[in-house]
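First up is the structure itself, then whatever we jot down about it.
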Amino acid sequence: MLPGAGLIGTLVALNPTAFPVLTNLNLSGNRLAGAIPTTISNLSSLLLVLLDLATRSSPHAEQQLSQVRENQYHKLSQVLVLSNNSLGGSIPSLLGRLWKLQQLDLHAMRLVSRLPLEMGHMTSLHILDLSLNNLTS
């Protein structure tokens, strides 16, 4: 956990083999940019992901959330926090495959559009924060 550690850069070089039993990843309050690496899905022990990237900026930021690969997050995380960043766009229907997820925080992400019907498959979800977005019903 490195919240507020002043980290600057990208997560592109995240090597999951270096952290075989990592259960919590907290990189909130840093100045990280770029895409969330697909290698994060190889952290098989991961239960908590906090990527509260308040100063995040990327030329492709609005497309990144919609490009979540089908198997990228399905096997990890009871908690997924992607709040306070500029990923933008719409919530991808693939998030509905996160059936183990108990908490989903997507507040202040510049999200637009409607909630995907597939989110109804998230039967373990207890906490959902979508505040400070431009979602429609």
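The values are calculated or read from the model by the stated rules, or taken from the named source; none is laboratory data. Everything numeric here is computed off the predicted structure, so don't read it as measured data. All Cβ positions, glycine included, derive from the backbone under ideal geometry; neighbour counts span all protein chains shown.
Annotations
- Within the range 82-110, tally of residues that are assigned to a strand (DSSP E or B), buried (at least 19 other Cβ atoms within 10 Å of the Cβ) and at pLDDT below 75: 0
- Hits in the range 105-128 (condition: small (Gly, Ala, Ser) and more than 20 Å from Gln78 (Cα to Cα)): Ala108, Ser113
- Within the range 111-135, the residues that satisfy the criterion of being of a type in the set (A, V, I, L, M), on the phi < 0 side of the Ramachandran plot and in a loop (DSSP other than H, G, I, E, B) are Leu115, Met122, Leu125, Leu130.
- Hey, Val49 of a type in the set (A, V, I, L, M, F, W, C), outside any loop (DSSP other than H, G, I, E, B) and modelled with pLDDT of 70 or more or not: no
- Hits in the range 114-130 (condition: under 21 Å from Asn84 (Cβ atoms) and surrounded by 13 or more Cβ atoms within 10 Å (Cβ to Cβ)): Leu115, Met119, Leu125, Leu128, Asp129, Leu130
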